[in-house]
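Take a look at the structure set out below.
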Amino acid sequence: THLDAPRHFLKDGEDVAQIPIEKTIGMANCIRIIPENGILHSKAIRTAYDALPKKHPRLLLETGWEALSGTQEYFTNFPGFEPDIIQFLDENHIVLLGTDLPSVKFGTNDQSKAHTALLEKKIVIVENLVCLSAVSAVCFLSCLPLKIAGMDGSMVRAVARNQ
């Protein structure tokens, strides 16, 4: 599991050491979204999020992709988001987006634009999460990066405690 800092895609972006700790630790929501034809539809994400009894600024998405871990397909054919996911995250003041995917992308292959759009909004990206099926809709999340100046990403030990 790892975290992408803004510097990962933004020339003058913050490095891992500059990410406010409050973004990577605190209350979170976990929702389950099933990709359709390789796409994680914003409408499905919005519907699942709107149904939550209590909303928090950190969002974990379980897609079931973890089941393909250890295969070549895990890294090549993973689902992507629709570009309007950025508006949804911004409207809901999400500061951290975590997924069980190896990376974030728009559509079937646009990783650069997805990373740039999220990081420009100062949304921390956490990728390769595991065991999200055991996480409840509301949890306490800790996924602290190593505080190393100049780094554009960091491994994290992500832990969620169900509430």
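The values are calculated or read from the model by the stated rules, or taken from the named source; none is laboratory data. All values reported here derive from a predicted model rather than from experimental measurement. Neighbour counts are summed over all protein chains in view; Cβ atoms, including those assigned to glycine, are modelled from backbone coordinates with ideal geometry. These accessible areas exclude ligands, DNA and RNA; they are computed on the full protein's heavy atoms, side chains included. Shrake-Rupley method; radii C 1.70, N 1.55, O 1.52, S 1.80 Å.
Evaluate the following for Ile45: is it at pLDDT 95 or above and either open to solvent by less than 20 Å² (accessible area, probe 1.4 Å) or touching a helix residue (DSSP H, G or I) at 6+ places or on another chain (Cβ under 8 Å) (or both)? Criteria met by Ile45. Among the residues of segment 69-85, is any under 27 Å from Pro20 (Cβ atoms) and acidic (Asp, Glu)? Yes, that holds for at least one residue. Residue count for segment 130-144 under the criterion of being part of a loop (DSSP other than H, G, I, E, B), open to solvent by 10 Å² or more (accessible area, probe 1.4 Å) and touching a helix residue (DSSP H, G or I) at 6+ places or on another chain (Cβ under 8 Å): the result is 3. I'm trying to understand the selection: among the residues of segment 145-163, which are more than 23 Å from Leu68 (Cβ to Cβ), in a loop (DSSP other than H, G, I, E, B) and either of a type in the set (A, V, I, L, M, F, W, C) or open to solvent by less than 20 Å² (accessible area, probe 1.4 Å) (or both)? Selection gives Leu146, Ile148, Ala149, Met151.
Condition check ((1) at pLDDT below 95; (2) more than 14 Å from the chain's Cα centre (by Cα); (3) not small (Gly, Ala, Ser)) across all residues:
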site	(1), (2), (3)
Asp110	yes, yes, yes
Lys113	yes, yes, yes
Leu118	yes, no, yes
Ser136	no, yes, no
Leu141	no, no, yes
Leu146	yes, yes, yes
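Candidates are the residues of segment 96-123 that are of a type in the set (S, T, N, Q) and without any contact (Cβ under 8 Å) to a residue 40 or more places away in the chain; the one that is most open to solvent (accessible area, probe 1.4 Å) is Asn109.
Of the residues making up segment 49-82, those that are farther than 14 Å from Asp100 by Cα, within 17 Å of the chain's Cα centre (by Cα) and open to solvent by 30 Å² or more (accessible area, probe 1.4 Å) are Lys55, Pro57, Glu82. Every listed requirement among (1) in contact (Cβ under 8 Å) with a residue 24 or more places away in the chain; (2) not in a helix (DSSP H, G or I) is met by Gly70 save one, (1).
Inside segment 18-42, residues that are part of a helix (DSSP H, G or I), out of contact with any Ser or Thr (no Cβ under 9 Å at 6 or more places or on another chain) and either crowded, with 17+ Cβ neighbours inside 10 Å or of a type outside the set (S, T, N, Q) (or both) make up a count of 4.
Residues that are in a loop (DSSP other than H, G, I, E, B) and closer than 15 Å to Ile39 by Cβ within segment 78-102 comprise Phe78, Pro79, Glu82, Pro83, Asp84, Leu101, listed in sequence order.
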